[in-house]
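Structure first, then comments.
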Amino acid sequence: MQVLEQVMQVVRDVARQEVMPRFLRVGKTRKDDGSLFTEADMACQQALGEKLPAVLPHPVLGEEMTREEQDALWLGNPDGLWVVDPIDGTTNFVNGLPYFAISVALMVRGVSELGVIYNPVSDEMFYARRGQGAWLNQQRLPLKTTRNSMGDAIAAVEVKYLRSGKLAARMSSVAPFGSQRSMGSSTLDWCFLAAGRYDLYLHGGQRLWDYAAGAVILEEAGGRLASLNTDDYWSDTVWKRSVIAAIDPELYGHWHRWVRANQ
C-alpha cells in the first residue's frame, strides 16, 4: 500500500497547490471538442506529470494532451502507464459547483491496477489497489450495509451520450429505477456508486481518463460492470467506452438485462 499512499499524497499536494488556489479565479476556453479548459487543468496535469514518475517510473498520459500524444503513450507503454484527469468536472469547477475531482490511475496491459480520485472541496479521497479493496478516507467501501430495491434505486445516467435513441427514450419513460442523477463528473459518479450513494450507473461513452481510476475502485468495492457492447468491460474500446454498472450484484443482474433489452 506504500505506492498507493504516495500517490494519494501527490494528489492531495497538487490539489492544494495548483487547483484550489484557482477555484473561481480562472477564465475558461473551449477545446475543439467543445469541452471546457482552464489554466488550472494544465497546471494540475503538469504537476502530476512531474511527481507521479517519482513514485513509479512510468510516463503520464493526461486529458490535456493531443490525441497523437495520447495514442503514442498508450501504444508504447503497455507495462505501465499513469492516466490522469487533472480536473474532471471543469464546468462545475469554473461555475463554483463543488463536484469535481482529480483522478489518477496506474494501468498495466490495459487494465487499471490502482485508482485515486479526490474531491478537494469535500476532502474526500477515494482509492483502491487491485486485490486490496476500495476505501474512502480510510473507511472501507461500500459505506452502506443495506441495499435498495430496484424501485427505490438511485441511478447515475448521462443520457446525452447514449447512442441508441430507443434506450434514451426508454430511460425517460419506463426506466425501472426510482430516481436519476447526473452531476457533471464521471470520476465522482464511479466513486459514489462504489460508496453505495448511487445504486446503478449507465454512460454511453467515456474517455480513458474518465473510467481508468473509477472502474477499479468500483470493482474493489464489490461492484459489477460491463459495457453496452460486451460483458468483458476491460476488453472494450479504449478511447470511448460505455458502462453498465451496479454496486449490488442482484441489482446489477436486473439492470444489465433491462439495459440490454432496451438498446
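The values are calculated or read from the model by the stated rules, or taken from the named source; none is laboratory data. All values reported here derive from a predicted model rather than from experimental measurement. Virtual Cβ from ideal backbone geometry, glycine too; neighbours counted across all protein chains shown. Accessible surface is based on the protein model in full, side chains and every heavy atom, while ligands, DNA and RNA are left aside. Shrake-Rupley method; radii C 1.70, N 1.55, O 1.52, S 1.80 Å.
What the table below lists for this structure:
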item	result
Every residue from segment 143-187 that is under 19 Å from Tyr211 (Cβ atoms) and either among the polar types (S, T, N, Q) or outside the structural domain of Ala212 (by the TED database) (or both)	Ser182, Ser185, Ser186, Thr187
Filter result for the condition that a residue is of a type in the set (S, T, N, Q), in contact (Cβ under 8 Å) with a residue 24 or more places away in the chain and open to solvent by 60 Å² or more (accessible area, probe 1.4 Å), over Gln2, Gln17, Gln70, Gln45	Gln17
Any hit, segment 241-261, residues being in a loop (DSSP other than H, G, I, E, B) and either touching a helix residue (DSSP H, G or I) at 6+ places or on another chain (Cβ under 6 Å) or at pLDDT below 95 (or both)	yes
Output for segment 171-187, where each listed residue is more than 18 Å from Gly253 (Cβ to Cβ) and either in a loop (DSSP other than H, G, I, E, B) or open to solvent by less than 30 Å² (accessible area, probe 1.4 Å) (or both)	Met171, Val174, Ser182, Met183, Gly184, Ser185, Ser186, Thr187
Residues located in segment 115-167, provided they are over 24 Å from Ser242 (Cβ atoms), more than 17 Å from the chain's Cα centre (by Cα) and part of a strand (DSSP E or B)	Gln139, Arg140
Selected residue [open to solvent by less than 10 Å² (accessible area, probe 1.4 Å) and in contact (Cβ under 8 Å) with a residue 60 or more places away in the chain] from Ala195, Ala245	Ala195
Residue within segment 214-228 that is open to solvent by 20 Å² or more (accessible area, probe 1.4 Å), assigned to a helix (DSSP H, G or I) and touching a residue at least 24 places away in the same chain (Cβ under 8 Å) present	yes
